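The values are calculated or read from the model by the stated rules, or taken from the named source; none is laboratory data. This structure is a prediction, so every number in the text was calculated from the model and none was measured. Here the Cβ positions follow ideal geometry from the backbone for every residue, glycine too, while neighbour counts run over all protein chains shown.
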Amino acid sequence: MFANVVRESDCDNINMIDQIFSYREMCEQENVQTLQRGMNFRLNPNYSVILMSRRSNAPYQDRIFEDGITIEYEGHDEPRTQGNNINPKEVDQPRYSKHKTITQNGRFAEAVEKHQIDKTPPEPVKVYEKILAGVWYLKGIFDLVNYEIKNDGKRNVFIFTLKLSEHQETQGNGDIDLKHTRLIPSEVKKEVWKRDDGKCVLCSSTKNLHFDHDLPFSKGGTSLTAKNIRLLCAKCNLAKSDKIE
Ligand SMILES: [Zn+2]
């Protein structure tokens, strides 16, 4: 009986975290025509969305901590405007625009202040990460817990801290056990994606894919190598969980 309970929660994790999307599917998922910006405060009435990339050509310094569930996300630069020669990388990241409207940095910072001062629940942020051109995956829902303004040697930048949330669904009960959860590193994901050729390893479907762990973390599976991770489609994953009895 107990084993069944554990297994169901493992399936929930897999359904939500580690799903793979093309750019178009990601926009559909968020009900928008395009996702142009990396930071999208309250893109949905219930949560915000950020897009991250740690590829070598990425414009910002985003990183994941050793614990595997904490992210540092850099704020965004002054937009390039016609008619001035300011290099956005050489001026402070703004909280307010030239027209005195609040920027995305400002909105996220306000949400942190509200959480820390008024003790309201942290802002839920859905995080997508790009692993290759046109290949995104859902990293999960994170709590926006802190921000700092740091000098990067040249100028001041916003650094936001996000922690994987215990609540992994925007509706219903998708709570997870944080102690037994580790995010699969994106280098491993990239390796698995290439090895499995962007297809389900069982039926070769290219739709509704996710990264599947052969052995769930709660049963001692490790996330750190490509060996025990594979691409599975939603259909084959369902068939798999029916078979384990
Ligand atoms: Zn399949």
Can you name every one of the strands (runs of 3 or more DSSP E) wholly within region 13-87 that holds 2 or more residues which are touching a Ser or Thr at 6+ places or on another chain (Cβ under 7 Å)?
39-44, 70-74
May I ask you to list pairs of residues, at least six apart or on different chains, whose Cβ atoms are under 8 Å apart, with the first in region 128-144 being small (Gly, Ala, Ser) and the second being at pLDDT 90 or above?
Gly134/Ser22; Gly134/Tyr23; Gly140/Lys126; Gly140/Val127; Gly140/Leu164; Gly140/Ser165
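One line per residue, one yes/no per condition, for (1) modelled with pLDDT under 80; (2) crowded, with 16+ Cβ neighbours inside 10 Å:
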position: Phe2; (1), (2): yes, no
position: Asn13; (1), (2): yes, yes
position: Gln61; (1), (2): no, no
position: Thr81; (1), (2): yes, no
position: Gln93; (1), (2): no, yes
position: Gly106; (1), (2): no, yes
Between Lys139, Lys114, Lys126, which is more than 21 Å from Lys189 (Cα to Cα) and either buried (at least 20 other Cβ atoms within 10 Å of the Cβ) or more than 18 Å from the chain's Cα centre (by Cα) (or both)?
Lys114
